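Beneath this line is the structure, given in structure tokens, with notes to follow.
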Amino acid sequence: MKQLLQFRSVIALLLLAPLCHYGQAPSLGTAANYALFSNVGAVTNTGISHVTGNVGTNNGAISGFGNVDGMLHQGNGFSAQSAADVSAAFTQLNNATPTFFPSVLMGNGQVFIPGVYLISGAATLNASITLDAQNNPAAVFIIQIEGALSTSANAQVLLVNGAQACNVFWKTEGLISLGAGTSMKGTLIAHNAAISMGSGVILEGSAFSTAGAITVDGVLSYIPTGCGRIVPVGPTAPNLKSTICYALFSANGPVTNAGETVITGDIGTNVGSSTGFEPLNVTGQIHATPDGSTATATADLIGVYTYLNTLSYDIELMHPAQFGNDLVLTPHTYLLDAATALTNNVYLNAQNNPNAVFVFQINGALSTSTFAHVILMNGAQAKNVFWKVDGAVSLNNSTQFVGTIICNNGAISLLTGVQLTGRALTTTGALSTSAVSVMLTPGCGTAAPMALDQTKCQGATVAQLSATGTDIQWYTSAVGGTPLATTALLATGTYYATQTINGTESGRTMVSVTITPLPVFGGGTYYVSGTKQIQNEFGYNSIYTVYANMTDVSPLALTTILTDGIYYATITQNGCVSLRAAATIVTYSLPAVGSSTCGTTLSSISNTISVPVVAHATGYLFEVTANGVTRNYYSTTNSFNLTQLPGSLAYNTSYSIRVAAGFNGQYGDFGTACVVNSPVVANTTQISASMCGSTLASMNTTLYSGQIVGATAYRFKVTSGGVTRFVESSSSNFQLSSVSGGVAYGTAYDISVAALINGTWQNYGAVCSVTAPSAITQVVSSQCGTTLAGRWTSLNAAVITGATSYLFEWSNGGAPLVYSSATSSMQLGNYTGWSVSTTYSVRVAAQLNGTWQAFGAACNVTTPAVSTQVRANQCGTILASKWSPVYCGAVNGATGYRFEWVNGATTLTFTSAISNMQLGNYTGWAINTAYTVRVAIQFGGAWQAYGSSCVITSPASLARNMANSEADLTIKAIPNPFETDFVLMAQGGNQLPFQVSVYNMLGQQMDQFTAAANALENQSFGSAYTSGIYNVIIMQGENQQLVRMIKK
């Protein structure tokens, strides 16, 4: 009767249900990756649970879990996003419009079809309930429960006719309690309530709570597949190369066997020997001693280890010592960051993907229990399992192990009864077996081809790749995919080559391919001297190839003489040939000085020398040689004169002149040389024409005049503003800086020259006008855009000769700050009014002859941050008494000092108007206690950042010492030697004032002042001293110290 009623209720639901009236599945967002998650609440496990998927909480603790096939996220950025996604999914489920209204008692054979079900109170599930998708794999089931949900022991949710767990959703307004042995399907969301899963519960889905704890006890929980979820496939498998054929191999160590061992695959070592193996039991080659194969395998093994070791891991298994115990893992790269022990079974679930790859990165040794098993399921293959072990490997008796073991710097021991489907390989260490069975995984039948990394030109195809082997095929992936067509264009990246022999395709060899862009030949117009061959023009003989037409197959011969017309050329660089481009050739005759000038003596040193105009030329290069010295003069016209040459000129001298025509900066060959003679004797000379009308770079720029043969001296007449002065020189050059009385910056001077010949001054030559350099200066370019390291860092401007003072103007939006300095540099520590860590626009002006010159160009400079700290000699000490001063470095311009004393949760702040403090003036501190002390300064009305910290221990008692009690007095001067100024720092002594006197080495007194006991270091001095040695005498009462200072 009960079954009849159940059947009728199902029929009624089917009749009343609108066709295809399904609920809308909510988006789980990042929460889809979690098996267990609480927005607010602890997530706790007892017993041995197997969880596939992340475990997390955004506010709470995670505890009790062993190895989880997923990540643990606790109160981080990932969990925050997942919490938001869970809340959004709950809202969507809660707002779904119900279509069915079953009773609070579910199960007992009940059948639900797709739709939204609303249960108005706390619900229970007994026996089984079936969710029938009616052959629609997209069908969605949403069960809204307005109370708690509990299941009886061994209750089941069954999926039929295409129903998927990823499309099933349970939303409750109370506790979810799954009884022992329950088999649950779907996503559970408990609103503001806890979730409890009893022993033996199987959940294909996820359990979420918006606010409540989640507790599980020995459960199997895994996130479902389907519904468009990405199924992991693991990383790319390494290319084993030559190691693929070795079942047992050590790159450095003996390989030995005891007992009856059966091996399929090669055996060998590259250092040592391979012994104890019965050849009849080995299907493969035994390399008893090292040979070429073992040497290659050694290099390849290191490459395989490096690849596996540098893979980024997906999941860290947090309990390596508990590895196994029926743990189920999916294709990933797993990190086990300690010695690992495999106990009982570990399952590798490929989720029906035969190409899925599993990589285990074990940072420590690997061992197994007896009868341990690595079990492959759902398509997993031994050839796709890799174990990277940094340590020894010991497979215990009767272990059944799967995969390739890559052991680094560790021995491998396979004990009695071990069955290994894969390989055991070590980089360094002995390898021993004892009555075991090793079966090599597929791939050794045909060796991978040999191929090197290759560089190809843009446009190259697969057909141009090279590899040594038979029936070579190329792929773009290490596994899978289809061979590339030979016509496929190549791109920079990684390719993989195989060879096929007797119908068996080999493993893949990885080849890095770099595509080089084609060079560009832009063509254009080229100017060529007549009768020139291709091989002698523009390097055509090495990198250019020239054709008569765009489509010609054969290039022109290198001996072809170029004529006016259009040619087509390519350029070859790095082995790549450019596309052809048109090159227009224009021929011309080489320029030469006119024959009427050649062989003559110039009437004047400044006579014009010219060549015929060359059509299209944009410049001319005049090469002039005399007395073995060659000088060049570039001209935009077809003429020049000897005075335009750099350096001095000689009279009664032969000059050989050649000329080359230039076209847009590129000069051709020189024409025929022409010899002209300079005048025998010159009665007059003048400043080189190339310098006339110019502004000199500095007052020390040399001004040259034409050299006169037989002249013993030269007189330079310098005139400006009606004032004339003379400079006499034994050479034909001088500088403005040598003019008596000096010259004015930025002023034009007329200069003429006379020569002294045979004791008689000759006439002055032509007048030449030059302008003295401007007296404008600025901050040196190397300091522009920088931040000063400290307030005593010098800011430097370019020196102006004769300047008596410099003004530094600092601007930052408001009224500028102007600081005067007697030198071309300044230090902010000597001035006030500036702000720390602030960018200023700085200009500099120089004072010459009592007049301030114009400011130079502005430059951005950032002021330093200002900080101080406790003196280093007090760090780590114990104060003798509460009246012992604690000193920090004094800062010029500081108006206060804040001492911060920290011990654990206690922070004390003491403010002092000076750069030291005494605990006796303050309260709240504890005796005999270590404090971390930092100091901040008040600068420009603002407190600056604290400086570095230092540990000081308070005095052992509160006993009061007299304020004037004496301690040993020590004086230090910082810095010494110094460049600008220095300060004195006192340690010990008493509270009496200091008397300071400074003397130079002649006994002259340079400074004398009095400073309070706590203010000595606030006084800096020495900026006005010249370089030398100084004696500094410091007196305090009867104490006296002498410090010798050196100024650089």
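Are there strands (runs of 3 or more DSSP E) fully within the range 640-710 with at least 3 residues that are surrounded by 20 or more Cβ atoms within 10 Å (Cβ to Cβ), out of contact with any Lys or Arg (no Cβ under 7 Å at 6 or more places or on another chain) and acidic (Asp, Glu)? List them.
Those strands (runs of 3 or more DSSP E) do not exist here; none qualify.
Check off (1) over 20 Å from Gly876 (Cα atoms); (2) without any contact (Cβ under 8 Å) to a residue 40 or more places away in the chain; (3) not charged (D, E, K, R) for Phe939 and give me the number that stays unchecked.
Failing condition for Phe939: (2).
For every residue, the table says whether it meets (1) surrounded by 15 or more Cβ atoms within 10 Å (Cβ to Cβ); (2) part of a strand (DSSP E or B); (3) in contact with a strand residue (DSSP E or B) (Cβ under 7 Å, 6 or more places away or on another chain).
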{"position": "Ala754", "(1), (2), (3)": "yes, yes, yes"}
{"position": "Gly765", "(1), (2), (3)": "yes, no, yes"}
{"position": "Thr777", "(1), (2), (3)": "yes, no, yes"}
{"position": "Ser782", "(1), (2), (3)": "no, no, no"}
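Would you say Ile244 is in contact with a strand residue (DSSP E or B) (Cβ under 9 Å, 6 or more places away or on another chain), at pLDDT below 95 and outside any strand (DSSP E or B)?
The answer is yes for Ile244.
Quick one: would you say Val86 is in contact (Cβ under 8 Å) with a residue 40 or more places away in the chain, in contact with a helix residue (DSSP H, G or I) (Cβ under 6 Å, 6 or more places away or on another chain) and farther than 17 Å from Gly23 by Cα?
The answer is yes for Val86.
Here is a yes/no grid of residues against (1) assigned to a strand (DSSP E or B); (2) surrounded by fewer than 18 Cβ atoms within 10 Å (Cβ to Cβ):
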position: Trp810; (1), (2): yes, no
position: Gly814; (1), (2): no, yes
position: Arg843; (1), (2): yes, no
position: Val861; (1), (2): yes, no
position: Thr868; (1), (2): no, no
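Might you check whether a residue that is within 26 Å of Met826 (Cα to Cα) and either of a type in the set (Gly, Ala, Ser) or not in a strand (DSSP E or B) (or both) occurs anywhere in the range 1027-1044?
So far as the range 1027-1044 goes, yes, one or more of its residues are within 26 Å of Met826 (Cα to Cα) and either of a type in the set (Gly, Ala, Ser) or not in a strand (DSSP E or B) (or both).
Can you pull out the residues in the range 302-318 that are within 20 Å of Leu240 (Cα to Cα) and either over 27 Å from the mean Cα position of the chain (by Cα) or not hydroxyl-bearing (Ser, Thr, Tyr) (or both)?
Of everything in the range 302-318, those that are within 20 Å of Leu240 (Cα to Cα) and either over 27 Å from the mean Cα position of the chain (by Cα) or not hydroxyl-bearing (Ser, Thr, Tyr) (or both) turn out to be Ile302, Gly303, Val304, Leu308, Asn309, Leu311.
Can you work out which of the residues in the range 420-441 that are assigned to a loop (DSSP other than H, G, I, E, B) and out of contact with any Lys or Arg (no Cβ under 6 Å at 6 or more places or on another chain) is surrounded by the fewest Cβ atoms within 10 Å (Cβ to Cβ)?
Thr428
Would you pick out the residues in the range 789-808 that are among the hydroxyl-bearing types (Ser, Thr, Tyr) and either surrounded by fewer than 14 Cβ atoms within 10 Å (Cβ to Cβ) or over 42 Å from the mean Cα position of the chain (by Cα) (or both)?
Scanning the range 789-808 gives Thr801, Thr804, Ser805, Tyr806.
Can you tell me which residue among Gly47, Gly66 is surrounded by fewer than 20 Cβ atoms within 10 Å (Cβ to Cβ), modelled with pLDDT under 95 and in contact with a strand residue (DSSP E or B) (Cβ under 6 Å, 6 or more places away or on another chain)?
Matching residue, one of Gly47, Gly66: Gly47.
So which residues in the range 702-727 are closer than 23 Å to Asn677 by Cβ, of a type in the set (A, V, I, L, M, F, W, C) and touching a strand residue (DSSP E or B) at 6+ places or on another chain (Cβ under 6 Å), if there are any at all?
Within the range 702-727, Ile708, Ala711 meet the criteria.
Could we say that Gly410 is over 24 Å from Asn349 (Cα atoms) and in a loop (DSSP other than H, G, I, E, B) here?
Here the answer is yes, as Gly410 does meet what is asked.
Is at least one residue of the range 319-335 under 35 Å from the mean Cα position of the chain (by Cα) and either assigned by TED's automatic domain parsing to the domain that holds Gly66 or surrounded by fewer than 18 Cβ atoms within 10 Å (Cβ to Cβ) (or both)?
Yes; the residues of the range 319-335 include at least one that is under 35 Å from the mean Cα position of the chain (by Cα) and either assigned by TED's automatic domain parsing to the domain that holds Gly66 or surrounded by fewer than 18 Cβ atoms within 10 Å (Cβ to Cβ) (or both).
Restricting to the range 352-389, count the residues that are surrounded by fewer than 21 Cβ atoms within 10 Å (Cβ to Cβ) and part of a loop (DSSP other than H, G, I, E, B).
The number of residues fulfilling the criteria is 13.
Only residues in the range 606-633 that are outside any loop (DSSP other than H, G, I, E, B) count as the first member; pair them with residues that are modelled with pLDDT of 90 or more and acidic (Asp, Glu), Cβ under 9 angstrom, at least 6 apart or cross-chain, and list the lot.
Thr630/Glu623; Arg631/Glu623; Asn632/Glu623; Tyr633/Glu623
When Asn281 is evaluated against the numbered criteria (1) of a type outside the set (Val, Ile, Thr); (2) within 11 Å of Asn252 (Cα to Cα); (3) touching a strand residue (DSSP E or B) at 6+ places or on another chain (Cβ under 7 Å); (4) surrounded by fewer than 16 Cβ atoms within 10 Å (Cβ to Cβ), which criterion, by number, is the only one it fails?
(2)
Which numbered condition in (1) surrounded by 18 or more Cβ atoms within 10 Å (Cβ to Cβ); (2) within 20 Å of Ala424 (Cα to Cα) is the only one that Asn349 fails?
Failed condition: (2).
Assess whether Ala478 counts as being out of contact with any Gly (no Cβ under 6 Å at 6 or more places or on another chain) and among the aliphatic types (A, V, I, L, M).
yes
Do you know which residues across the range 450-483 are on the phi < 0 side of the Ramachandran plot and at pLDDT below 85?
Within the range 450-483, Ala478, Val479 qualify.
The values are calculated or read from the model by the stated rules, or taken from the named source; none is laboratory data. Only a predicted model underlies this, so the values are computations on that prediction, with no experimental measurement involved. A quick note on method: Cβ atoms are made from the backbone with ideal geometry, for glycine too, and the neighbour counts reach across all protein chains shown.
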